[in-house]
1. Determine the distance separating the Cα centre of the stretch 100-145 from the Cα centre of the stretch 16-65; give it in Å without decimals.
2. Can you compute the equivalent ellipsoid semi-axes for the chain, i.e. the square root of 5 times each eigenvalue of the Cα gyration tensor, sorted largest first and rounded to whole Å?
3. What is the extension gain from V110 to V91, computed as 0.36 nm multiplied by their sequence separation minus the C-alpha to C-alpha distance, in nm to one decimal?
4. Can you give the FRET efficiency for L28 and C77, using 1/(1 + (r/R0)^6), R0 = 25 Å, r = Cβ-Cβ distance, to the nearest 0.05?
5. Which distance in nm do the two modelled labels at R64 and M84 give, with both placed 7 Å along the Cα-to-Cβ direction?
6. Per-residue ellipticity at 222 nm for the chain, helices alone: DSSP H runs ≥ 4 residues times -39500 (n - 2.57), over residue total, nearest 500 deg cm²/dmol?
7. Fully extended, how many nm does the chain gain between E19 and A102 (0.36 nm per residue separation, minus their Cα-Cα distance)?
8. According to a simple spin-label model (label point 7 Å from Cα along Cα-to-Cβ), what is the distance in nm between E49 and A135?
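Throughout, read-outs are computed from the coordinates displayed, never taken from laboratory work. Quantities reported herein were computed from a predicted structural model and do not represent experimental measurements. Ideal geometry is used to build each Cβ from the backbone, glycine not excepted, and the neighbour counts take in all protein chains shown.
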Amino acid sequence: MSKKRRLVYNGHHGVAGEEAQCLWCGRLTTEHAFVVNPGGTPVLKCCCEGHYELTEEFIERDSRIRPIFYVVIGALCLASALSMWLEFSPVWSSLPLVGIAAAILVWPRVLPRYEYYLPLGLVRTRKVVRVIACALLAFSLVVTAARFGLIPG
């Protein structure tokens with residue numbers, strides 16, 4: 001078993017013919033050959049080899065980027081808390097929100113477990129998260145621009 005698979009889960013392999021949702025696209029599948037997390041609970045399957053390879057690449061990339069992403073988000077949350085605690089001028093207090101929205105837009109990995117991606121699949125869930133991040137970024141940019149006096153507020 002590869003190291004990256006052990007990072008995901010430990011448990012059973014699933015039952016042949018057991019219906020589950022494809023982790024990549026979210027469609028129902030009974031395919032038993034493409035289990036992303038052998039020994040995992042819940043069993044995370046893919047419906048075809050192409051989706052299996054894409055999911056494996058995502059998990060590998062995610063295991064490298066996730067710690068950096070969480071440090072960036074944590075630092076921005078800390079900056080936001082400090083700006084409220086130290087009572088910075090309102091001009092600067094919305095900038096951490098711009099950073100948080102931009103970070104989520106770049107790497108939409110806000111769900112902590114892969115099983116949370118199952119209802120829609122990785123692709124659609126990341127698109128939904130990006131749309132929400134775009135809306136949050138637009139809102140925070142408008143607030144920031146108004147506070148800097150670039151637009152009438």
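1. The stretch 100-145 and the stretch 16-65 have Cα centres spaced 22 Å from each other.
2. Three semi-axes, in Å: 39, 16, 10.
3. The span from V110 to V91 would gain 4.1 nm if fully extended.
4. Working from the Cβ atoms, E equals 0.10.
5. Label-label distance for R64 and M84, simple model: 3.6 nm.
6. -18500 deg cm²/dmol
7. 26.2 nm
8. In this crude label model, A135 to E49 measures out at 4.1 nm.
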